[in-house]
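Working notes, beginning with the structure itself.
The values are calculated or read from the model by the stated rules, or taken from the named source; none is laboratory data. Just so it is clear, the structure is predicted and the values come from calculations on it, not from any experiment. All Cβ positions, glycine included, derive from the backbone under ideal geometry; neighbour counts span all protein chains shown.
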Ligand code: SF4
């Protein structure tokens, strides 16, 4: 990848976003680019991995390495990449359906390992790509295409799950607060360990309940209150607050050894730079078998 001066323009992907005008995901894309710019990370040091869904098209819209993987599988792919080359800044992205439905098992295991990667979930409380069915974060009573009489299921609480599973940077952002979101994303990428940002990212086409005005009426910033983001008990309490008031900001941050720090195989540097220890004939045979 060619090295060029790092600007917002230089981080633009070759493909223009195909999202509906006004989709919250535009704000997340912009914040991700601004955070990379703020941290001064060249594009060849960034890998963006996604699953499937509207938001999972994001890797195509940014100039960095990218993988558009399978439904719910962004985190296993991101894990593999982070372990193969822990010099990379690995950012997994996707939606609530992708990450908290089919991808839920991976979500928990990636966090309990405290892998050094960032996961940004564009949470719109609905399945947007498939035109408006209830997702794992759809609120109770919400009438969707798949719940015409109102959703009877309780929504998952991603922040509480993250805290209980071992994530060491847990935050919530809102697409309608772009500068605040950029700060959270930059903090997450700079953090050593698993960082989750659950972003309220409205689906303007299929979710007519959780709209920008709905969120604007409810969100408040944790930093505007006397809040200690090193206090796990306080963070757990906040993580369940979902009603008339919705906290955004950094809920919790802790410095703990990462998976990469504790795995002896990685102590000599990134795996991609270590000799394979295979003679050329065996290597050729292995490659032939897998090509
Ligand atoms: Fe965004 Fe919803 Fe349109 Fe998908 S359907 S691009 S989530 S507004």
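Go through the residues of segment 138-146 one by one and say whether even a single one is at pLDDT 95 or above and crowded, with 24+ Cβ neighbours inside 10 Å.
For segment 138-146, residues at pLDDT 95 or above and crowded, with 24+ Cβ neighbours inside 10 Å: present.
Name the single residue, out of those in segment 37-60 being touching a strand residue (DSSP E or B) at 6+ places or on another chain (Cβ under 7 Å) and assigned to a loop (DSSP other than H, G, I, E, B), that is nearest to the ligand (Cβ to nearest atom).
Looking at the filtered set, the residue picked out is 54.
Step by step: first the residues of segment 18-36, then only those that are within 17 Å of residue 60 (Cβ to Cβ) and within 11 Å of the ligand (Cβ to nearest atom), then the one that is surrounded by the fewest Cβ atoms within 10 Å (Cβ to Cβ). Which residue is that?
18
Taking the conditions exactly as written (more than 16 Å from the ligand (Cβ to nearest atom) and surrounded by fewer than 20 Cβ atoms within 10 Å (Cβ to Cβ)), does residue 15 satisfy them or not? Even if it seems obvious, please write down each step before you answer.
Details: more than 16 Å from the ligand (Cβ to nearest atom): no; surrounded by fewer than 20 Cβ atoms within 10 Å (Cβ to Cβ): yes.
Judged against the criteria, residue 15 is not a match.
With respect to residue 269, determine if the residue is over 28 Å from residue 163 (Cα atoms) and either touching a residue at least 24 places away in the same chain (Cβ under 8 Å) or surrounded by 11 or more Cβ atoms within 10 Å (Cβ to Cβ) (or both). Don't jump to the end; show me each part of the working.
Details: over 28 Å from residue 163 (Cα atoms): yes; either touching a residue at least 24 places away in the same chain (Cβ under 8 Å) or surrounded by 11 or more Cβ atoms within 10 Å (Cβ to Cβ) (or both): yes.
Spelling it out, residue 269 is indeed over 28 Å from residue 163 (Cα atoms) and either touching a residue at least 24 places away in the same chain (Cβ under 8 Å) or surrounded by 11 or more Cβ atoms within 10 Å (Cβ to Cβ) (or both).
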